[in-house]
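Step one of this worksheet: look at the structure below.
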Amino acid sequence: MSNQSYSETNESADLHVTGEAVYVDDIPVGGQLLTGRVVISPYAHAKIVSFDLRDARRIPGVHAVLAHADIPGDNQMGPVVKDEPCLAADEVTFCGQAVFLIAAETEQQCREAERLIQVAYEPLDAILDIETAMSNDSLMGSHRRIERGDVEAAFAASDHIIEGELRTGAQEHWYLETQACLCVPGERDEITAYSSTQHPSETQALIAGVLGIRRNSVVVEVRRMGGGFGGKETQANHTACWTALLCRATRRPVKIRLFRDDDMIMTGKRHRFLTRYKAGFTGNGILEAVRIELNADGGAATDLSFAILERAMLHADNSYYIANFSVTGAIWKTNLPPNTAMRGFGGPQGTAAIETVVDRVARFLRKDPAEIRSRNFYGTISRNTTHYGQTVENNRLPEMYNQLIRSSDYRERRIAVDEFNATHEFYKKGLALTPVKFGISFTTSFLNQAGALVNIYTDGTILVNHGGTEMGQGLHSKIRHIAAREFGVSLKRVKVSATNTSKVPNTSATAASTGSDLNGMAVRNAAATLKSRIAETIAEVFSEENRSSPTFASHIVFEDESIIDGDHPERRIAFADAMPIMQHRQVSLSATGYYRTPDIGWDREKGRGKPFHYYAFGMAVSEVLLDLLTGRHKLLRTDILHDTGTSINPAIDIGQVEGGFIQGVGWCTTEEIKWDENGRLMTHSPDTYKIPTVGDIPQDFRVSLLRTDPNPGTIHGSKAVGEPPFMLSLSVWLAIKDAVSAVAGHELEPEFSLPATYEVILLSIEKLKAKTLKEASL
Amino acid sequence: MASTISFLLDGRTTTVEFGHSSIYSPTTTVLNYLRSLPEHKGVKEGCGQGDCGACTVVLAEAGPAGRLLYRSVDSCLVFLPMLHRKQLITVENLRHPNGDLHPVQRALVDLHGSQCGFCTPGIVMSLFALYKNHPRPDRTTIEDAFAGNLCRCTGYQPIIAAAQRACAEGNADQFNKGEEATLALLNSIPRDSLRLESAETMYYRPAALSEALALKANHPAGIVVTGGTDIALRVTKNHDVLPEVIDLSALDEMKLIAEDAFSISIGAGAPLNDVMPRIHDVFPSLHRMLSVFGSQQIRNMATFGGNLGTASPIGDALPVLVALGTTVELSSITGSRRVPMQHYFTGYRTTVRRPDEIVTAVILPKPASNLITRSYKISKRRELDISTVSGGFSLRLNERREVESIVLAFGGMADRVKRAETVENFLAGRKWNRETVDEASSLIERECNPISDARASAEMRRIAARNLLLKFWCETEGLEADVESVVQ
């Protein structure tokens, strides 16, 4: 198990720290390059009455000004439902929607041209929030429902009932590298797009679609992204298609890199949700019946909203067995940018709902919330099926709870927090434990597939191509490790290529935390093909040299940079020396690999099945100190225990846990998206939209990976890690709520929403104080 | 009067010409300049407004005692002429000539300090500045060094660890060895006044104050730049053309910090990071505010002159300066005058400054020993955020603990920095106790009419302002002082 005991550094780290790593905007291009610019709608909803592009086209240096009618192919971007034009035609449906495209020699010329575009808009009524959408019946798709048991009967039989409403906010991805694409024209209608995309195959398909050409004329290549977080799963396609249209129109290389504010204004966010819940429970805090109604703000087009809502519904149980459970969901169509994938993909919103319920149950019963949580955890033998019928196998929750309660000194600190709160009027502390159980697989089951192309060259070096993209999650580092391990060679021998649709076609997005699960398996399968070819050939070679006792191909092993007869270890050849032999004996050193996740299936209509290959588990305890007068909190300590199976690279996995958690802390605390009454984004720059800085992380941050058995049926026994830790940030949100609740001695339920900004905190405290005063005066 | 600028880059003196055939304008940012060079694509644009630090570079200049001073800056906020007579150090320059990674790079690699890598060049340069300036830094110093660098991937923990490791062994690197040669090269660049003309911009960078005042008299509409952290946004975000710019950043006279028995005079062009150590002991409340003013990169450029020139109602430093009884020195070719700061502002971003005048200094009277002053900043995020509400308060109590004098200056509560005079008058002569303070705080709401905006609602601002008065009282009483430092 030596492979698990240390962590290789990121395969690009030396390039990162020297500035040599190449992102889209850094690719050298000759003097022909044009700059592209997107002209966007200033209205949330309006009719385009008329426009005139003639003056703009006359600016010297301007090579193209395009409108929807200039699109040679389909004016369509929708990845699932065809409801999103590439350029608005007769109507704009959100502020920031693309209407025209400009290509010019300089950015300044683009801006001059933009100023000369004349458009007449006729503003129409806009729907800017979920309630308005509901009252206008502005539904996207249909209502969804997943149910088990008889919720109404169980409510009637419950000791206690609580009901309420929760709002969770939108979140901007804030990848450091904004959306970017460079397109270079080729022969005939060929085009190569260097795109910062999580989904090169879809980017390829959509470029072909808008250009009206075949997919075999389009190559999409991704070296790396400067962050993705879901924001480049579908919405990188837009920038790529706009760039491709300008490239086609000008027959010159064109690059679009969105300015930060434009990126924030134009692209969709994490869906904000309005959730209504009702829960019935026993005097011991066991949940008997829960009803959760999830309402998501889908924005102006479908994008991935159906799948996101589905994942929210499939995670509304989080880690808890609920015998009678009804989850309903709806996507509401509004005049805001189409909301999209973001780390957790609905999971955080569903999880926040049930965590609110459990937190309230504990406060209602005046019990410790961690205790109530553990009582409701899925069991290991019984009480272990979800509301959609999947059995929770290899459930780690109970053992993780016991470990973390001890290692975090939870009980002692609970007492210390209560003592602190009893002696402080202006500061309060809060403490919370939250678990996560996250289902791994695309819930659209057919997407769970991946491909790889592995080439070995005659100098013994290996080039691995696979369908996954690198966005900082360390996928290429893990893949390189997997390939090296499969071939028994050192990392130096293996290089992972840029992701390229001409090498590995028809891939799924790098998303749903599945990157290394799927692509790692595909690489392994390609390696297996190559190894069997090599083994046969080398067995022949060995046998020719040892006619009395032939070498069996099936007994050949690959280790220590060598190819060895396992029965006769003295028969060995260096890996590099074997490859020329392969060429001489006319055996191919290139193989594809393919993988699909077995044994999953999900009946979307019935809401039943096994959508997930397995679950990843995690747990966190967070403690905050809250200044009641300023609403500022300090995250004093967080302890995380996370389950990554047998980690392929513990340092990378811990990096994902810490980074995902902190990104979640941003969603839970300071990241607040606000639109004005005209549907214009108010928080459109880092000046007003605040993601966590170095000062916002826990002062004392202890992250460890669960020591556990290999995960069955996955690459080298590992588990996916990209998204699950995000939800552990709810421990911070609930710790803040715990501190606020201490203002009224935990006697009253604080008004609370997510994110818990300083404003939410201060207003909540004001209301608690007012209520306390009122009760005192009665 | 020179029409070109010279600075050191990649070990060589580089000269940039402006004029009609140049692709550079005097308001071209250092970021855009670097990214136009094929060998300097390492510097990244993450936001173009000094809020993310991906474009961080280090500027070295001749400092006191014949040593180089290293400062991290956001290259997106620095106009090219500000490089004159400086060394520009980028992420590409850190490798040792033998090819080895610099210790700060090595530590980030070994401790997994990069994920997507896009913020990393900026992180590297902030860490390099820390390495040069703070051997063996504590956690607070490390956090301060990175407060201006956003990373969306790592959660910062491995970056902190890398900083601890890299800075543990002193700061001797190849830059130390080359210091004398670098200084010699820098000193060989003449200390000229610059007159830089491009198609759309006349850019003056005078080398003497008298020259600057003459320029301002002749070009009253000229846009005055000291640090440039605010004016640069007009170029990078609004894409404005600045027709006439008077850049005061070369004026050593405006960077002086002078102290006598009664006051400290701070040149309006002194970078705030130079001000901080000089006022730390005498004006801890001002120091506290400056420690959360922008970021290292911002404070290495930003000045009081800029904060006063912009005159924003949420200018972080302004309320506490009012509370400290600061006087503003305004100069023109006809002479200087001093205006009490509370009379300096006349409305939303308007002041008593005449078009021919330049803010040249602020003068802070040394406080009597019984003067209690505090500053507070309420912002959505602690680091690198502008005030939603800020307060600068000063108080003198008599022996009976009655209010002898009090100044309550608020930012973010009106169209300008505002003293809550009704509340001050109410409190004057009264007992400084909880009852009085509770009563007084309810008056704040009547006096201020804040707005709702992207940062917060008016209601939240009113609650916050009220709470700050209570907080001030708590601190004067020493209540719950055990946790004060933790949360601040």
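The values are calculated or read from the model by the stated rules, or taken from the named source; none is laboratory data. For clarity, every value in this text was computed on a predicted model and none was experimentally measured. Cβ atoms come from the backbone with ideal geometry, glycine included; neighbour counts cover every protein chain shown.
Odds and ends about this structure:
- Residue that is away from every other protein chain (no Cβ under 12 Å) and either in contact (Cβ under 8 Å) with a residue 12 or more places away in the chain or surrounded by 15 or more Cβ atoms within 10 Å (Cβ to Cβ) (or both), where the choices are B:Val403, B:Val389: B:Val403
- When the residues of the range A:707-718 are filtered to those that are in a loop (DSSP other than H, G, I, E, B) and surrounded by fewer than 20 Cβ atoms within 10 Å (Cβ to Cβ), the one that is nearest to the other protein chains (Cβ to nearest Cβ) is A:Arg707.
- Test for A:Ala452: is it among the hydrophobic types (A, V, I, L, M, F, W, C), touching a residue at least 40 places away in the same chain (Cβ under 8 Å), away from chain B (no Cβ under 14 Å) and in contact with a strand residue (DSSP E or B) (Cβ under 7 Å, 6 or more places away or on another chain): yes
- Only one of A:Pro85, A:Pro42, A:Pro72 that is touching a His at 6+ places or on another chain (Cβ under 8 Å) and more than 14 Å from chain B (Cβ to nearest Cβ): A:Pro85
- A:Arg224 being in a strand (DSSP E or B), out of contact with any Lys or Arg (no Cβ under 6 Å at 6 or more places or on another chain) and not β-branched (Val, Ile, Thr): no
- A search for C-beta distances below 7 Å between a residue of the range A:253-266 that is farther than 11 Å from A:Gln179 by Cβ and any residue that is at pLDDT 95 or above and assigned to a helix (DSSP H, G or I), counting only pairs 6+ apart in sequence or on different chains, returns A:Pro253/A:Cys247; A:Val254/A:Thr243; A:Val254/A:Leu246; A:Val254/A:Cys247; A:Lys255/A:Thr243.
- Residues of the range A:644-691 that are within 18 Å of A:Ser513 (Cβ to Cβ) and in a strand (DSSP E or B): A:Gly645 alone.
- Selection of the range A:561-613 for residues being in a loop (DSSP other than H, G, I, E, B), of a type in the set (A, V, I, L, M, F, W, C) and more than 20 Å from A:Glu393 (Cβ to Cβ) yields A:Val587, A:Leu589.
- Of the strands (runs of 3 or more DSSP E) that lie entirely inside the range B:165-268, those containing 2 or more residues that are farther than 22 Å from B:Lys86 by Cβ span B:257-259, B:263-267.
- Residues satisfying the stated conditions in the range A:740-762, i.e. in a helix (DSSP H, G or I) and closer than 18 Å to B:Lys380 by Cα: A:Val740, A:Tyr758, A:Glu759, A:Val760, A:Ile761, A:Leu762
- Of residues in the range B:420-471 being in contact (Cβ under 8 Å) with a residue 60 or more places away in the chain and more than 10 Å from chain A (Cβ to nearest Cβ), the one farthest from B:Ser405 (Cα to Cα): B:Pro450
- Among the conditions (1) out of contact with any helix residue (DSSP H, G or I) (no Cβ under 7 Å at 6 or more places or on another chain); (2) surrounded by fewer than 20 Cβ atoms within 10 Å (Cβ to Cβ); (3) more than 13 Å from chain B (Cβ to nearest Cβ); (4) not in a helix (DSSP H, G or I), A:Thr458 misses just one, which is (1).
- For the condition in the same structural domain as A:Ser753 (by TED's automatic domain parsing) and in contact with a strand residue (DSSP E or B) (Cβ under 7 Å, 6 or more places away or on another chain), A:Asp687 does not qualify.
- Among the numbered conditions (1) of a type outside the set (Gly, Ala, Ser); (2) outside the structural domain of A:Val703 (by TED's automatic domain parsing); (3) within 30 Å of A:Glu310 (Cβ to Cβ); (4) surrounded by 20 or more Cβ atoms within 10 Å (Cβ to Cβ), the only one that A:Ile556 does not meet is (3).
- Which listed residue is aliphatic (A, V, I, L, M), out of contact with any helix residue (DSSP H, G or I) (no Cβ under 7 Å at 6 or more places or on another chain), in contact (Cβ under 8 Å) with a residue 12 or more places away in the chain and farther than 30 Å from A:Lys478 by Cβ, from A:Ala739, A:Ala776: A:Ala739
- Criterion: in contact with an Asp or Glu (Cβ under 6 Å, 6 or more places away or on another chain), touching a residue at least 12 places away in the same chain (Cβ under 8 Å) and farther than 26 Å from A:Ala527 by Cα - qualifying residue of A:Arg632, A:Arg637, A:Arg604, A:Arg608: A:Arg637
- If you check B:Lys86, B:Lys44 for being modelled with pLDDT of 95 or more and facing chain A (nearest Cβ under 9 Å), only one passes: B:Lys44.
- Qualifying residue in the range B:276-292 (condition: assigned to a strand (DSSP E or B) and outside the structural domain of B:Ser452 (by TED's automatic domain parsing)): no
- Criterion violated by A:Ile213 - all others in (1) assigned to a strand (DSSP E or B); (2) β-branched (Val, Ile, Thr); (3) in contact with a Gly (Cβ under 8 Å, 6 or more places away or on another chain); (4) surrounded by fewer than 21 Cβ atoms within 10 Å (Cβ to Cβ) satisfied: (1)
- Condition check for A:Ala416 on (1) of a type in the set (A, V, I, L, M); (2) more than 14 Å from chain B (Cβ to nearest Cβ); (3) surrounded by fewer than 21 Cβ atoms within 10 Å (Cβ to Cβ): one failure, at (2).
- For the range B:312-331, the set of residues classified as out of contact with any strand residue (DSSP E or B) (no Cβ under 7 Å at 6 or more places or on another chain) and either modelled with pLDDT of 95 or more or more than 16 Å from B:Arg374 (Cα to Cα) (or both) consists of B:Ser312 only.
- Checked against (1) in contact (Cβ under 8 Å) with a residue 12 or more places away in the chain; (2) under 20 Å from A:Gly169 (Cβ atoms); (3) within 11 Å of chain B (Cβ to nearest Cβ), A:Gly679 passes all but a single condition, namely (3).
- The residue of the range B:96-155 that is nearest to the chain's Cα centre (by Cα), among those that are in a helix (DSSP H, G or I), aliphatic (A, V, I, L, M) and surrounded by fewer than 24 Cβ atoms within 10 Å (Cβ to Cβ), is B:Ile142.
- The set of residues in the range B:361-383 being farther than 17 Å from B:Pro319 by Cβ, surrounded by fewer than 24 Cβ atoms within 10 Å (Cβ to Cβ) and within 13 Å of chain A (Cβ to nearest Cβ) consists of B:Arg381, B:Arg382, B:Glu383.
- Whichever residue in the range B:72-95 is out of contact with any His (no Cβ under 7 Å at 6 or more places or on another chain) and part of a loop (DSSP other than H, G, I, E, B) and, among such residues, is surrounded by the fewest Cβ atoms within 10 Å (Cβ to Cβ): B:Arg85
- Among residues of the range A:539-553, those that are outside any loop (DSSP other than H, G, I, E, B) and within 52 Å of the chain's Cα centre (by Cα), counted: 6
- Some residue of the range B:33-52 being more than 19 Å from A:Gly19 (Cβ to Cβ) and aromatic (Phe, Trp, Tyr): no
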